[in-house]
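Peer 1: Here it is, the structure, as structure tokens.
The values are calculated or read from the model by the stated rules, or taken from the named source; none is laboratory data. What you see is a predicted model; the values in this text were computed from it and never measured. Here the Cβ positions follow ideal geometry from the backbone for every residue, glycine too, while neighbour counts run over all protein chains shown. We work out accessible area using only protein heavy atoms, side chains counted, and drop any ligands, DNA or RNA first. Shrake-Rupley method; radii C 1.70, N 1.55, O 1.52, S 1.80 Å.
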Amino acid sequence: MKIKIINGPNLALLGKREPDVYGEDGLDKIMKDTTARGKELNIEVETFQSDIEGELVNYIGKCIGNTDGLIINPAAYTHTSVALRDAIKASDLPCVEVHLSNTMAREEFRHTSLTAGVCIGQIMGFGANSYILALEGLAKTLTNK
Ligand code: DQA
């Protein structure tokens, strides 16, 4: 099984960025831990991060035909990007939206997700573990099909 994990803007700054909200771990460590969990589940995990909306859209397009599912933390683009929503929908790949923080317990502008409606599910509020929970959930959905 092949799953791609896609991270949006400012997530490369994890560890330094608002650690009280997002935790102390950097993105590299979070991706390493999630990839290791994937190995245990026999999942090939590839990860990608970009601050640039168009690069995220391009990457999703490149996943078509060689990927079983997507996990995405669109970060701030969650709340703004029709382009990312359309890219996820166009890929026709099962996608799980992830957030480290519980966006529903934060500022009102974070309560709207333009991307969640084209995902099979959403996991938020568990810090770095949100990614592992998303991977486990997506893998279960894909194998139970
Ligand atoms: C985030 C939540 C977003 O609102 C924010 O813009 C981020 C990170 C999270 O993982 O909690 O950059 O996606």
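Peer 1: Would you work out what percent of the accessible area of the chain, with all protein chains in place, is carbon or sulfur (probe 1.4 Å)?
Peer 2: Carbon and sulfur atoms account for 50 percent of the accessible area of the chain.
Peer 1: When ligands, DNA and RNA are left out and all protein chains stay put, how many square angstrom of accessible area per residue does the stretch 2-143 have with a 1.4 Å probe?
Peer 2: Per residue, the stretch 2-143 has an accessible area of 50 Å².
Peer 1: Can you tally the lysine pairs in the stretch 2-143 where the Cα-Cα distance is under 15 Å and the two residues are eight or more apart, or on different chains?
Peer 2: Value for the stretch 2-143: 9.
Peer 1: How would you order 9-22, 78-91 from highest to lowest mean count of nearby Cβ atoms within 10 Å?
Peer 2: 78-91, 9-22
Peer 1: Can you tell me the mean projection area, over all orientations, of the convex hull of the chain's alpha carbons? Units nm², please.
Peer 2: 7.7
Peer 1: Amide H neighbours of Cys119 under 5 Å, counting only residues 5+ apart in sequence or on other chains, H built in-plane at 1.01 Å?
Peer 2: Under 5 Å from the amide H of Cys119 lies no amide H from a residue far enough along the sequence or on another chain.
Peer 1: Could I ask something else about it? Are there any chymotrypsin sites (Phe, Trp or Tyr not before Pro) in the stretch 35-82 that are in a DSSP loop and have at most 12 other Cβ atoms within 10 Å? List them by number.
Peer 2: none
Peer 1: Starting from the Cα gyration tensor of the stretch 1-72, multiply each eigenvalue by 5, take the square root, and state the resulting semi-axes largest first in whole Å.
Peer 2: 22, 17, 7
Peer 1: What number, rounded to the nearest 500 deg cm²/dmol, is the helix-based mean residue ellipticity at 222 nm of the chain, given -39500 (n - 2.57) per DSSP H run of at least four residues and division by all its residues?
Peer 2: Mean residue ellipticity, 222 nm, calculated: -11500 deg cm²/dmol.
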